[in-house]
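The values are calculated or read from the model by the stated rules, or taken from the named source; none is laboratory data. Keep in mind it's a predicted model, so treat the numbers as computed, not measured. Counting neighbours? That spans all protein chains shown, and the Cβs are built from the backbone with ideal geometry, glycine included.
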Amino acid sequence: MGVADSWQQEQVSLAYVAALATRGGYTLGKWEVDKDGVDLSIKRSDGLTFELQMKCTYSPKLIAQGEAYSYDLDVPTYDKLRAPTRTSVGFLGLVVVPRDLEEWMIHDEYELTLRCSGYWAKIQDAPASDNSSTKAIHLPAIQRLDLPGFEEMFSHAWQRLMFGAQAVVEA
């Protein structure tokens, strides 16, 4: 049994989103330096864009009787994703993988299957954290990181573009 290093977890989370973006016909932008709290930008053909900070875990914290995951995001990244001056809506994506690295995918002469699941949470325009080191982010299990989830994130981007940050926060 092999346990993954953090760089392997990062790479599988990026591959997960890249596969979805490719399937959905979206443009994927990967940032080489993660100094702004963003790993990826997803762009639709109409120009709408949202941004993701990706995380990966093999030991997710389940909350709300198993209906959500909790992830402790560092406050500096949280603050960057929630900033009202962002021009693209900021989200946290969490990919959950099996503990054993050998179980992450099936690969034979006919298929390559990733054995993981992803979830998302909107961080944009969230309130400031009461804590100085980490902020517990709740990612509902129904907010799947999949193509319908991408469309929901694009909907948030559209609402923010059309009605402004304050109207979205009040809604």
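Table for the structure above
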{"item": "Options Pro76, Pro127; residue that is assigned to a loop (DSSP other than H, G, I, E, B), out of contact with any Ser or Thr (no Cβ under 9 Å at 6 or more places or on another chain), over 25 Å from Thr22 (Cα atoms) and at pLDDT 90 or above", "result": "Pro127"}
{"item": "Pairs with Cβ under 7 Å, 6+ apart, first in the range 4-19 and in contact (Cβ under 8 Å) with a residue 40 or more places away in the chain, second exposed (fewer than 15 other Cβ atoms within 10 Å of the Cβ) and β-branched (Val, Ile, Thr)", "result": "none"}
{"item": "Which listed residue, of Asp79, Asp125, Asp108, is on the phi > 0 side of the Ramachandran plot and not aliphatic (A, V, I, L, M)", "result": "Asp125"}
{"item": "From Ser117, Ser88, residue being under 19 Å from Tyr69 (Cβ atoms), among the hydroxyl-bearing types (Ser, Thr, Tyr), touching a residue at least 24 places away in the same chain (Cβ under 8 Å) and surrounded by 14 or more Cβ atoms within 10 Å (Cβ to Cβ)", "result": "Ser117"}
{"item": "Within the range 100-114, considering residues that are of a type outside the set (D, E, K, R) and part of a loop (DSSP other than H, G, I, E, B), the one farthest from Tyr71 (Cα to Cα)", "result": "Tyr110"}
{"item": "Matching residues, the range 130-162, being out of contact with any Phe, Trp or Tyr (no Cβ under 6 Å at 6 or more places or on another chain), part of a loop (DSSP other than H, G, I, E, B) and not acidic (Asp, Glu)", "result": "Asn131, Ser132, Ser133, Ala141, Ile142"}
{"item": "Residue within the range 83-90 that is farther than 22 Å from Pro148 by Cβ and of a type in the set (Ser, Thr, Tyr) present", "result": "yes"}
{"item": "Index of the failed condition, Met105 passing every other in (1) at pLDDT 85 or above; (2) touching a Leu at 6+ places or on another chain (Cβ under 6 Å)", "result": "(1)"}
{"item": "Members of the range 49-73 that are surrounded by 14 or more Cβ atoms within 10 Å (Cβ to Cβ), assigned to a loop (DSSP other than H, G, I, E, B) and either among the hydroxyl-bearing types (Ser, Thr, Tyr) or at pLDDT 95 or above (or both)", "result": "Tyr58"}
{"item": "Within the range 23-48, tally of residues that are in contact with a helix residue (DSSP H, G or I) (Cβ under 8 Å, 6 or more places away or on another chain) and either assigned to a loop (DSSP other than H, G, I, E, B) or buried (at least 19 other Cβ atoms within 10 Å of the Cβ) (or both)", "result": "9"}
{"item": "Scope the range 85-114; condition within 17 Å of the chain's Cα centre (by Cα), of a type outside the set (Val, Ile, Thr) and within 20 Å of Glu10 (Cβ to Cβ); matching residues", "result": "Gly90, Phe91, Leu92, Gly93, Leu94, Leu114"}
